[in-house]
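All of the numbers you see were taken from the coordinates with simple rules; none came from a lab. Keep in mind it's a predicted model, so treat the numbers as computed, not measured. All Cβ positions, even for glycine, are placed from backbone atoms using ideal geometry, and neighbour counts span all protein chains on display.
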Amino acid sequence: MPKVKAPRNRTIDTPISEGQHYIDRCITVDSPVSDIDSILDKTIIGDSFDVFPFLPKGSIDLIIADPPYNLTKVYNSSTFAKRKASEYEEYTRRWISAVYPLLKPNGSIYVCCDWESSLIIGRVLMEYFKVRNRITWQREKGRGAKANWKNGMEDIWFATKSDEYTFNLEAVKIRRKVIAPYRVNGKPKDWVETDAGNYRDTCPSNFWDDITIPFWSMPENTAHPTQKPEKLIAKIMLASSNSGDIVFDPFLGSGTTSVVAKKLGRHYIGIEIDRQYCLWAEQRLEMADTDKEIQGYVNGVFWERNSLAEQISASVAQAEKTDEKEQLEDQIELDLFGGQ
Ligand SMILES: C[S@@+](CC[C@H](N)C(=O)[O-])C[C@H]1O[C@@H](n2cnc3c(N)ncnc32)[C@H](O)[C@@H]1O
């Protein structure tokens, strides 16, 4: 019997029988690509290891990779089997050495991993790139273990090809409420006074504890088992790429990297081996034609956790200026009460 979804469940789970037209938008690459423009803003169906040698060298500004971790995991039509550490290291070296030449000399790469794969991925990345940081993302979910600590974090390695690279600090500062407003000569010191409250934009650290895993009532949610949040990918992309840059994801999954790139005005290329996931990626890309919203990124600002009231008053103050107040109030109502 087909599963009946709860009324507010927005999970994208369109089956291939109903979404062939999305798969038809994807491409395959089985010969050398001489002009990168011919594969821009496309989802490539196929095995990344087969496709890598055909992609033009030095053409990518930013790689965001979320490879299978060294865990046994079913990805719809295929299963990634946990292997010995030395074999996972070999697997990691195979794909990292293949994507390295694709990156421009001033390009950056981010790689997601759990704590165990991180031990290997960090080491292999160091063989090829200048490793600049290890971001720790505190995930809220995680299965409890009987004789171990619950897995509640993931690592995201940040590395570059050279010392010249893009880092847009201003684009990823975190907006925080000012608790003790300090003034010098009557003027705010390092904070801003607005109709909607007082705030300060602060430098983001490498510990990210303000990003929720997509869940069933969020419009970005799909039935993919390891989907990353759009907000997480947006932070990476805003810091390490510019508008119009080319972002590449060799393990695209449900399409998060491509969708965020489209919403933020970057070009994208993604490879995914599973047709069902390619379908959901294309469906999300179509939704992004009309919905550019990234949850947690409001009017071009990342707000600190538990600041919904401030986000709303800032948005209302902004909308009052631009005559969009009514429309915004409808949107907030939807976000608050339709999106739980
Ligand atoms: C960890 S998931 C990525 C999830 C993705 N970040 C998202 O937000 O949906 C890894 C994905 O890589 C795909 N994959 C694994 N091996 C692959 C290969 N050799 N070529 C292309 N895709 C592959 C899997 O099917 C899976 O969807």
What is the fewest-to-most order of Met126, Met237, Met287 by other Cβ atoms lying within 10 Å of their Cβ?
Met126, Met287, Met237
Euclidean distance between Cα centres, the stretch 177-232 to the stretch 90-126, Å
29 Å
By the C-alpha gyration tensor axes a ≥ b ≥ c (rounded if a/c is under 1.5, else prolate when a/b exceeds b/c, else oblate), the shape of the chain is prolate
Given the C-alpha centroids of the stretch 259-293 and the stretch 48-84, what is the distance between them in whole angstrom?
17 Å
Under 16 Å Cα-Cα from Lys177, which lysines qualify once same-chain neighbours fewer than 8 residues away are excluded?
Lys189
Would you mind classifying the stretch 210-311 by shape? Square roots of the alpha carbon gyration tensor eigenvalues, ordered a ≥ b ≥ c; an a/c under 1.5 is rounded, otherwise it is prolate if a/b is larger than b/c and oblate if not.
oblate
Could you tell me what percent of the DSSP beta bridges with both partners in the stretch 124-173 are antiparallel, to the nearest 5?
100 percent
When Arg143, Arg8 are ranked with the fewest other C-beta atoms within 10 Å first, the list becomes Arg143, Arg8
Out of the stretch 193-293, which trypsin sites (Lys or Arg not before Pro) are coil in DSSP terms and have no more than 15 other C-beta atoms within 10 Å?
Lys292
Quick check on the chain: helices-only [θ] at 222 nm, where DSSP H runs of length 4 and up contribute -39,500 (n - 2.57) each and the sum goes over total residues. Nearest 500, please.
-8500 deg cm²/dmol
Taking θ as phi - 60°, what are the ³J(HN,Hα) couplings along the stretch 21-26 by the Karplus curve (6.51, -1.76, 1.60), each to the nearest whole Hz, with x for Gly and Pro?
4, 6, 5, 5, 7, 7
Per-residue Cβ contact counts at 10 Å, fewest first, order Leu71, Leu232 as Leu71, Leu232
Label-point separation in nm, Ser243 to Glu127, each point 7 Å along Cα→Cβ
4.0 nm
Quick check on my link table: of Lys150/Lys173; Lys82/Lys263; Lys84/Lys130, which ones sit more than 28 Å apart, alpha carbon to alpha carbon?
Lys150/Lys173; Lys82/Lys263
Starting from the Cα-Cα distance between Asp291 and His21, subtract it from 0.36 nm times their residue separation and give me the gain in nm to one decimal.
95.2 nm
